[in-house]
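J.: Dropping a structure here in structure tokens format, bear with me for questions.
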Amino acid sequence: MTATIQRAPDEKVNWRLGTVLFAGIHLLPFAAIYTGVHWSAWIIMAVLYFSRVFFLTGGYHRYFSHRTYRMGRVMQFLMALGATTAGQKGPLWWAAHHRHHHKYSDEYEDIHSPKRGFWWSHMGWIMCKKYEHTQTDLIPDFAKYPELRLLDKFDMVPPLMLGIAVWLLGYLITGTAMGATGVLLIGFFLSTIFTWHSTFTVNSLAHVFGRRRFATRDTSRNNLWIALATGGEGWHNNHHHYPGAACQGFYWWEIDTTYYVLKLMSKVGLVSGLRRPPEHILQKHLIKQGAADLGMFQTHWERAVKALADAQARAGGMAAEQKQALEELLVSTRAKIEELAKASAEKAGDIARASAEKAASLMPQQEAEAVS
Ligand SMILES: [Zn+2]
Ligand SMILES: [Zn+2]
């Protein structure tokens, strides 16, 4: 996808210890060629992948970011702890950044919109110093819990403990330090890498590949393959349309394993109040019924302007005034689209109100006619 939003000079990968470690871990599983891999390592890898994806999607995303269901304080802590073992920082950092994404989806402010560059949206922004702090003001409802603040502060401890536990388990199974290291490389590190990219994919690919059912103001898509790999998070267009639902698959054929597990947990009383999208939401802003897809219109328009600018630049450079005029055009059209979107939303509201009023005003008349 063409980057159409210019990143600020301080929005770049900062090569610090944390970033080097993050990048370096991607190479670690190759060392298993030397250690050898016991078959149990693959089982541990699958278990740690699926369980941690669940903690992230069911916990960090659907609970801490969107509050789509309820749970008690102990359960809330356990869910946060489970997700923290995935090495994606603490619950407050994760959920606050995600709330920011929904607030400004694919607009200038959206930190990890693919419009700022595909690799940036996938993992670049995480390696940028600018975004390493928790935006506590976006998550006051959970920042009030000291145990969650503690997890947020010492977010590296749970993944470290899990890594040690996996090595010890590997030692118990294989009986040698070399065997245990093989189990650690595949069972822990490889599953951690897969879990990272599962989450990153929702930010990058789920805004690029797939179909759109609802006309949302962003570029979100519904994609079965992403849904299968991410525990149901691939129904991302559904999710942007109505983030308040505990399910992201809105119909039975939209596989959403996170929701199935949450459903089971609610049956045994571990969680409660799972919210589903109301019927009128499912019928709202449907593209197949002609809803204006302004989110995509804006994206295509931005790409066209960018292509034009690039072509002109290639053809011998653009005059400063020309460049400025193009940039102004981009800003003014964006404002126009915003206006249009607002007007169409208001119009939809007006029509609904007018027809409701009309129906109400007709009621007594029809009743009177029926009586006469
Ligand atoms: Zn999104
Ligand atoms: Zn979300």
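Rule-based calculations on the coordinates, nothing more; no lab input. In this text, all values refer to a predicted model and were calculated from it rather than measured experimentally. In this analysis, Cβ positions are derived from the backbone assuming ideal geometry, glycine residues included, and neighbour counts consider all displayed protein chains.
J.: Excluding Gln289 itself, calculate the net charge of residues whose Cβ lies under 14 Å from the Cβ of Gln289, where each Lys or Arg counts +1 and each Asp or Glu counts -1.
T.: Net of charged neighbours comes to +3.
J.: What is the gain in length, in nm to one decimal, between Trp15 and Lys144 on full extension, counting 0.36 nm per residue of separation less the C-alpha to C-alpha distance?
T.: So the extension gain works out to 43.2 nm.
J.: Relative to the longest principal axis of the chain, what angle (0 to 90°, nearest 10) does the C-alpha long axis of helix 257-267 take?
T.: 90 degrees
J.: I'd like the FRET efficiency for Ala313 and Thr333, computed as 1/(1 + (r/R0)^6) with the beta carbon distance as r and R0 of 25 Å, rounded to 0.05.
T.: Numbers: r = 20 Å, r/R0 = 0.80.
In this case the efficiency is close to 0.80.
J.: Using modelled backbone amide H atoms (1.01 Å from N, in-plane), which distant-in-sequence or interchain residues come within less than 5 Å of Val271's amide H?
T.: Here Ser266 satisfy the definition.
J.: Taking the chain as the reference, fit the longest principal axis to its C-alpha atoms, fit the long axis of helix 294-314 to the helix C-alpha atoms, and give the angle between the two in degrees, 0 to 90, nearest 10.
T.: The helix 294-314 is inclined about 70 degrees to the chain.
J.: Summing Lys, Arg as +1 and Asp, Glu as -1, what charge do residues with Cβ under 10 Å from the Cβ of Tyr108 carry, Tyr108 excluded?
T.: Every neighbour counted, the sum reads -1.
J.: Here's something else I'd like to know. What relative contact order, as a whole-number percentage, does the chain give when Cα pairs under 8 Å and 6 or more residues apart are counted?
T.: Value for the chain: 19 percent.
J.: Once R0 is set to 35 Å, what does the formula 1/(1 + (r/R0)^6) return for the Cβ-Cβ distance between Gln289 and Phe118, expressed as a FRET efficiency to the nearest 0.05? Don't skip to the answer; put the middle values down first.
T.: Details: r = 31 Å, r/R0 = 0.89.
Efficiency for this residue pair is about 0.65.
J.: Here is a further query. Based on alpha-carbon centroids, what's the gap between segment 113-128 and segment 1-52 in Å, whole number please?
T.: 15 Å
J.: Tabulate in residue order the Karplus-calculated ³J(HN,Hα) for segment 61-71, using 6.51 cos²θ - 1.76 cosθ + 1.60 with θ = phi - 60°, rounded to whole Hz; enter x for Gly and Pro.
T.: Working through the residues one at a time gives 7, 6, 9, 5, 7, 10, 6, 8, 7, 10, 7 Hz.
J.: Let a ≥ b ≥ c be the square roots of the eigenvalues of the Cα gyration tensor of the chain; is it rounded (a/c under 1.5), or, if not, prolate (a/b larger than b/c) or oblate?
T.: oblate
J.: List the residues, sorted by chain then number, that are 5 or more residues from Trp235 or on another chain and whose placed amide H is less than 5 Å from its amide H.
T.: Here Asn223 satisfy the definition.
J.: OK, next. Arranged from highest to lowest average of other beta-carbon atoms within 10 Å per residue, in what order do the peptides 179-188, 44-53, 212-221 appear? If you can, show how the numbers build up before the last one.
T.: Working: 179-188: 24.4, 44-53: 19.6, 212-221: 22.2.
Result, highest mean Cβ count within 10 Å first: 179-188, 212-221, 44-53.
J.: Looking only at Tyr34, Tyr242, Tyr104, which one moves most when the chain is put into a Gaussian network model with springs between Cα atoms under 10 Å?
T.: Sorting by GNM fluctuation, first place goes to Tyr34.
J.: Using the Karplus curve 6.51 cos²θ - 1.76 cosθ + 1.60 with θ = phi - 60°, work out ³J(HN,Hα) for each residue of segment 13-26 in order, rounded to whole Hz, and write x for Gly and Pro.
T.: My calculation for segment 13-26 gives 5, 9, 7, 10, 4, x, 5, 5, 4, 4, 6, x, 4, 4 Hz in order.
J.: Okay, moving on. Rounded to the nearest 10 degrees, what's the angle between the helix 191-203 long axis and the longest principal axis of the chain, both from Cα atoms, 0 to 90?
T.: With both axes taken from Cα atoms, the answer is about 10 degrees.
J.: Would you work out the relative contact order for segment 191-285, in percent, from Cα pairs under 8 angstrom that are 6 or more residues apart?
T.: 21 percent
J.: Calculated from DSSP H runs of 4 or more alone, at -39500 (n - 2.57) each and per residue, what is the 222 nm mean residue ellipticity of the chain, nearest 500? Let's see the in-between values first.
T.: Working: 17 runs with 209 residues, N = 372.
The per-residue figure over the chain is -17500 deg cm²/dmol.
J.: Sticking with this structure for a sec: Taking H placed 1.01 Å from N in the peptide plane, check which residues at least 5 places from Arg276 or on another chain put their amide H under 5 Å from its amide H.
T.: Ala246
J.: Out of the chymotrypsin sites (Phe, Trp or Tyr not before Pro) in segment 220-280, which ones are loop residues according to DSSP with at most 12 other C-beta atoms within 10 Å?
T.: Passing sites in segment 220-280 are Tyr251, Trp252, Trp253.
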